[in-house]
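First up is the structure itself, then whatever we jot down about it.
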Ligand SMILES: Cc1cc2nc3c(=O)[nH]c(=O)nc-3n(C[C@H](O)[C@H](O)[C@H](O)COP(=O)(O)OP(=O)(O)OC[C@H]3O[C@@H](n4cnc5c(N)ncnc54)[C@H](O)[C@@H]3O)c2cc1C
């Protein structure tokens with residue numbers, strides 16, 4: 001039997017390794033090939049650049065509220081069976097990854113406490129390195145610069161995968177295929193089609209993000225797959241407009257204010273913990289603010305927040321000035337408008353500043369301000385004044401193909417397409433907002449399930 005896995009991110013590597021292991025356990029001769037369209041040194045998609053936080057209380061346990069919280073993020077549109085399986089299998093998958101040399105730590109998550117998370121030590125790059133090594137040792141073949149182009153079916157069954165290997169078209173014979181080649185954020189045309197004007201110019205958050213151009217989704221749809229997930233949904237975060245490194249997020253904005261180019265505030269910076277506001281905020285900047293840019297403004301009290309640098313991943317220092325008009329000049333915002341905005345904001349900060357607590361929603365809110373600021377509202381009055389220019393950057397899209405709790409790709413009638421499996425970002429399942437710290441976890445869990453299922457046919 002031959003299985004081809006498409007994509008060397010968390011989902012693909014988990015699938016390939018688990019397929020090789022399942023074949024060995026069953027005593028079956030199964031040839032497992034993993035292909036990636038990137039070169040060997042660039043393969044790994046988003047996973048490679050991701051810190052890969054996973055929403056688990058510890059490597060052997062998810063929180064009791066996991067299912068409820070994750071479904072709430074999807075506004076209860078998510079598939080309960082799928083997320084139940086995720087919760088059930090997560091500890092087993094963490095133990096499996098650990099058995100292959102992945103060490104887990106429990107790092108602090110930016111500044112706020114929020115739900116507990118674990119992380120592979122060394123992030124996604126270390127996770128992939130360990131699992132790729134194990135997959136090679138288990139006999140998986142790897143082909144790079146090999147792009148999947150189409151699923152070949154005969155009489156309702158998978159018979160092969162059409163690929164471009166270094167520019168040459170060929171068909172890899174296969175009885176089962178696992179698609180793990182990500183969302184469609186890397187395709188400007190698809191981004192524009194689904195998000196409208198501006199979708200095509202959105203910044204990609206990491207160097208690995210652009211490899212995922214929706215090819216796998218298109219191939220699955222052509223093979224009869226149904227759609228799933230929110231096709232108007234994406235995970236995006238605010239990053240420093242000047243930075244050139246991967247994911248240069250600036251997540252201290254809840255502790256100051258944010259203005260657009262006109263010098264006016266436009267949203268509640270303290271509406272929730274940063275992972276509850278960043279997606280919408282990043283989209284708002286990109287799609288609705290003049291010049292697709294905004295500025296977060298803080299003062300020197302930022303430096304009093306313990307470990308504040310953990311929430312700033314930009315390598316570029318903030319603009320800094322002793323006066324607000326000086327700061328306005330540095331960022332090119334009208335000084336009078338910025339002055340008025342901050343005066344109005346300061347006047348509305350009537351709570352006691354001692355209540356300020358960056359680690360939780362502290363309830364320190366403005367009075368009589370529109371839009372309000374619901375937490376961390378204290379006056380900006382202590383020079384030097386600081387500003388970071390922010391743009392919205394996309395990590396991944398939500399719209400994808402339908403799968404079930406066994407990682408089987410489903411057709412329009414809800415039945416499985418024989419021999420076709422999928423895991424990770426390519427599958428839909430996310431609606432409204434990305435459930436925090438679930439993307440890598442689900443890639444591993446359903447990748448592993450897909451590999452085992454593929455061997456079992
Ligand atoms: C900066 C950043 C931070 C993040 N932080 C977190 C976090 O803390 N926690 C979390 O859960 N999630 C996080 N995410 C999201 C998460 O990392 C991804 O959603 C997840 O890793 C996706 O895994 P995947 O295996 O589905 O896809 P990917 O890891 O993107 O892998 C897809 C692979 O498919 C390959 N490919 C694409 N098209 C083809 C083709 N036609 N043929 C062959 N190969 C192809 C690509 O080259 C790539 O190697 C973050 C993402 C980024 C970018």
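The values are calculated or read from the model by the stated rules, or taken from the named source; none is laboratory data. In this text the structure is predicted, and so the values were computed from the model without any measurement. Here the Cβ is made from the backbone with ideal geometry for all residues, glycine too, and neighbour counts use every protein chain on show.
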In segment 285-307, residues that are surrounded by 17 or more Cβ atoms within 10 Å (Cβ to Cβ) and closer than 23 Å to residue 330 by Cα total 13
Can you confirm whether residue 282 is within 13 Å of the ligand (Cβ to nearest atom) and either under 30 Å from residue 338 (Cα atoms) or at pLDDT below 95 (or both)?
yes
Any residue in segment 99-106 that is within 19 Å of residue 66 (Cβ to Cβ) and modelled with pLDDT under 95?
yes
Name, by its number, the condition in (1) crowded, with 17+ Cβ neighbours inside 10 Å; (2) more than 28 Å from residue 348 (Cβ to Cβ); (3) more than 16 Å from the ligand (Cβ to nearest atom) that does not hold for residue 253.
(2)
Tally time: how many residues in segment 41-87 are within 14 Å of the ligand (Cβ to nearest atom), part of a loop (DSSP other than H, G, I, E, B) and in contact with a helix residue (DSSP H, G or I) (Cβ under 9 Å, 6 or more places away or on another chain)?
12
Go through segment 64-101 and give me each residue that's closer than 13 Å to residue 118 by Cβ and surrounded by fewer than 17 Cβ atoms within 10 Å (Cβ to Cβ).
91, 95, 98
Which one is farthest from residue 124 (Cα to Cα), of the residues in segment 1-15 that are away from the ligand (no atom under 11 Å from the Cβ) and touching a strand residue (DSSP E or B) at 6+ places or on another chain (Cβ under 6 Å)?
2
With the condition kept exactly as written, say whether any residue in segment 96-110 is within 14 Å of residue 441 (Cα to Cα), part of a loop (DSSP other than H, G, I, E, B) and more than 13 Å from the ligand (Cβ to nearest atom).
yes
Of the residues in segment 256-273, how many are modelled with pLDDT of 95 or more, within 22 Å of residue 72 (Cα to Cα) and surrounded by 21 or more Cβ atoms within 10 Å (Cβ to Cβ)?
3
Unique residue being surrounded by fewer than 17 Cβ atoms within 10 Å (Cβ to Cβ) and touching a residue at least 40 places away in the same chain (Cβ under 8 Å) when the list is 52, 58, 41:
58
Residues in segment 139-156 that are touching a strand residue (DSSP E or B) at 6+ places or on another chain (Cβ under 8 Å), more than 11 Å from the ligand (Cβ to nearest atom) and outside any strand (DSSP E or B): how many?
3
For segment 18-26, state whether one or more residues are out of contact with any strand residue (DSSP E or B) (no Cβ under 9 Å at 6 or more places or on another chain), in the same structural domain as residue 170 (by TED's automatic domain parsing), closer than 21 Å to residue 395 by Cα and not in a loop (DSSP other than H, G, I, E, B).
no
Within segment 360-383, is even one residue under 33 Å from the mean Cα position of the chain (by Cα) and under 30 Å from residue 214 (Cβ atoms)?
no
With the condition kept exactly as written, say whether any residue in segment 206-226 is within 24 Å of residue 273 (Cβ to Cβ) and away from the ligand (no atom under 14 Å from the Cβ).
no
Of the conditions (1) out of contact with any strand residue (DSSP E or B) (no Cβ under 7 Å at 6 or more places or on another chain); (2) in contact (Cβ under 8 Å) with a residue 24 or more places away in the chain; (3) farther than 25 Å from residue 196 by Cα; (4) in a helix (DSSP H, G or I), residue 263 fails just one. Which one is it?
(4)
